[in-house]
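Since the structure comes first, as structure tokens, the remarks are kept for the end.
Please treat every number below as a calculation from the coordinates, not as lab data. Quick caveat: nothing in here was measured; it's all calculated off a predicted structure.
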Amino acid sequence: MTDTNDPPVFGASVPRMLSVPESSTDGFIVALLQATDEDFASDQSHRLTYSLAPTGRSVNRPFPFAVTTTQGSSALGAGQIVLRLQGSGLASLDFEGAQSEFDAIVTATDNGTPRCRQRVVTIRWRSCGTAHV
């Protein structure tokens, strides 16, 4: 019997709905990402990387978000979804504007086969207050 690679799993660490205060500026951390990988227990070389891409109604529109992969507190790797207005086509967040909601695919990829796991999330502007994840 051959052990096959288990893909990364997103637990509750990536909610399906995220919100961002309208007053947020570049670099604002929208969400922290942490997937798990069952293979890590038997193979410490497993590492996760994260990516983010617009989907659905957000394709071919300004998309002011990026993802970074960090070492984090886990040897597997962690990620962050951050606000990136510069270069996105949006000068600022506008709660009342035509685009106050974005759909995205968050992907965790490990260095095995099969390589990835995806989750679709929606990110909404909020007119005031602080973000919750």
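Full extension of the chain between Ser42 and Ala12 yields a length gain of 8.4 nm, computed as 0.36 nm times the residue separation minus the alpha carbon distance. Extension gain, Gln118 to Ile105, is 4.0 nm, computed as 0.36 nm per intervening residue step minus the present C-alpha separation. For the stretch 78-87, the Karplus equation 6.51 cos²θ - 1.76 cosθ + 1.60, evaluated at θ = phi - 60°, returns couplings of 10, x, 9, 8, 10, 7, 10, 6, 4, x Hz by residue, with Gly and Pro reported as x.
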